[in-house]
Amino acid sequence: MLRFGLPALVVLALVAVALAAQGEDRGSPGRRVAPPDPEPPVATAPLTRAALVRGPDDLRAAARRLARLRGVRRTALVGRGTALVREVRARDGRLVQRVRGGFALALDVVAVEPHAWAAALPEAERAPVARLRRGEVLLSATAARLRGVGRGATLVLAAGGRLRVRGVVPDEVAHAAELLAHLRDRRVQARPRNVLALLRPASDLGERRLERVATDGEPTRARLLFDGDDAGEAQDGPARPAELKARFGEPAVALPYGEDWVMLDPGFLRRHIVTRRVPLLGAVTCHRRMIPPLRSAMTRLRRRGLGHLVDAAEYAGCYAPRRIQPSGTLSLHAWGLAVDLNAASNPVGGESNQDPRLVRAMERHGFYWGGDFPTVPDPMHFEFRGR
């Protein structure tokens, strides 16, 4: 299946470590002329205990149920969505990026209630978030480097209006999104998706208890993490758009922006998407930088007499310009950076029937297996991370 779910129950792993991976092929549409505005270093402090919980359809009811728990001191809604941007301007008004008419840059957004989100952060990082107002955004460190702008920059929106960049924060403060925005700011297309639960210091609430309360007893496949038990979780789940854009190029999207299938900038497709033949699979259409590792993985399987582990008839594709639901962010298939293998026997959300030797061969060549996604497993899915 050409989509995967984002982690639904995760800890706020708020260590001030920005994503270090920057690809040599930026590929962002438009031109850049302004260097990044300097930002003061951000101090770190011990992690605050908090949980981000994806509840049922009625998130407000889930928030009320969680708020009644003795160990929860506050709850707030958190949204996920997209800001469609046609221009990026530096603090002095100079044009940094512009996309052609009919297209926009789709920036991944986490929308929060500022004071509640700030309360979940280390003290040294709270002030810029708590002061966030409608019409303002905070850029993640990776997004700031990608665009070459910082505090005081302006994002000109495709639908009209502007967003002022209040500052730059570590990627973890922005929950690995490109922008952190105000939940009630209608300039960004972000709908509530999760409940933030701030836990009391002495709380002994466990993940199962919070899951049961949030979903009113309904079963859930999502997990809940606490206190940075897995600080790398954002990388262990589906990859984040800012990292993908920095390493593999940024596709502009055609307007109107489709709910499911979308159209990408033809220039991006010419630069990055190619059709090549690889062993075991035949012709594949993928990002050009994924072809060599995919070819190497398939060659390795064939040489070891393990070619039967890949059924060419169950190959379900690579490049497919679609959005992930319910978050609405672009799938890795839109970059041509994921392949679906043995799809019929490994449905999304189902039990894996992949041979561990196939999984190891793909991982050896830089692929991450969707069967390890922490929320809804996608055992057919292998996405290229290049690590």
Members of segment 347-358 that are modelled with pLDDT of 95 or more, of a type outside the set (Ser, Thr, Tyr) and under 16 Å from residue 314 (Cα atoms): 347, 353, 354, 355, 358
Pick from segment 368-387, criterion within 17 Å of residue 286 (Cα to Cα) and modelled with pLDDT under 90, ranking: least open to solvent (accessible area, probe 1.4 Å): 385
Tally of residues being within 16 Å of residue 103 (Cβ to Cβ), in a strand (DSSP E or B) and open to solvent by 10 Å² or more (accessible area, probe 1.4 Å) across segment 257-279: 1
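Filter segment 164-213 down to the residues that are of a type in the set (Val, Ile, Thr) and part of a loop (DSSP other than H, G, I, E, B), then identify the one that is nearest to residue 130 (Cα to Cα).
Filtering segment 164-213 for residues that are of a type in the set (Val, Ile, Thr) and part of a loop (DSSP other than H, G, I, E, B), the one nearest to residue 130 (Cα to Cα) comes out as 173.
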Contacts under 9 angstrom Cβ, first residue in segment 342-358 being open to solvent by less than 30 Å² (accessible area, probe 1.4 Å), partner among the β-branched types (Val, Ile, Thr), 6 or more apart: 342/310; 349/376; 358/310
Some residue of segment 338-361 being outside any strand (DSSP E or B), closer than 22 Å to residue 282 by Cβ and under 22 Å from the mean Cα position of the chain (by Cα): no
Matching option when the condition is among the aliphatic types (A, V, I, L, M), more than 30 Å from residue 177 (Cα to Cα) and either touching a residue at least 12 places away in the same chain (Cβ under 8 Å) or surrounded by fewer than 20 Cβ atoms within 10 Å (Cβ to Cβ) (or both), among 313, 246, 254: 313
Conditions (1) modelled with pLDDT under 95; (2) open to solvent by less than 20 Å² (accessible area, probe 1.4 Å); (3) among the hydrophobic types (A, V, I, L, M, F, W, C); number of the one not met by residue 88: (1)
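Quick one: how many residues across segment 280-309 are in a helix (DSSP H, G or I) and under 23 Å from residue 270 (Cβ atoms)?
Summing the residues that are in a helix (DSSP H, G or I) and under 23 Å from residue 270 (Cβ atoms) in segment 280-309 gives 5.
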Residue in segment 128-141 that is touching a Ser or Thr at 6+ places or on another chain (Cβ under 9 Å), closer than 20 Å to residue 241 by Cβ and modelled with pLDDT of 95 or more present: no
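The values are calculated or read from the model by the stated rules, or taken from the named source; none is laboratory data. On a predicted model such as this, the values are computed, not experimentally measured, just so you know. Ideal geometry is used to build each Cβ from the backbone, glycine not excepted, and the neighbour counts take in all protein chains shown. Accessible surface areas use protein heavy atoms only, side chains included; no ligands, DNA or RNA. Shrake-Rupley method; radii C 1.70, N 1.55, O 1.52, S 1.80 Å.
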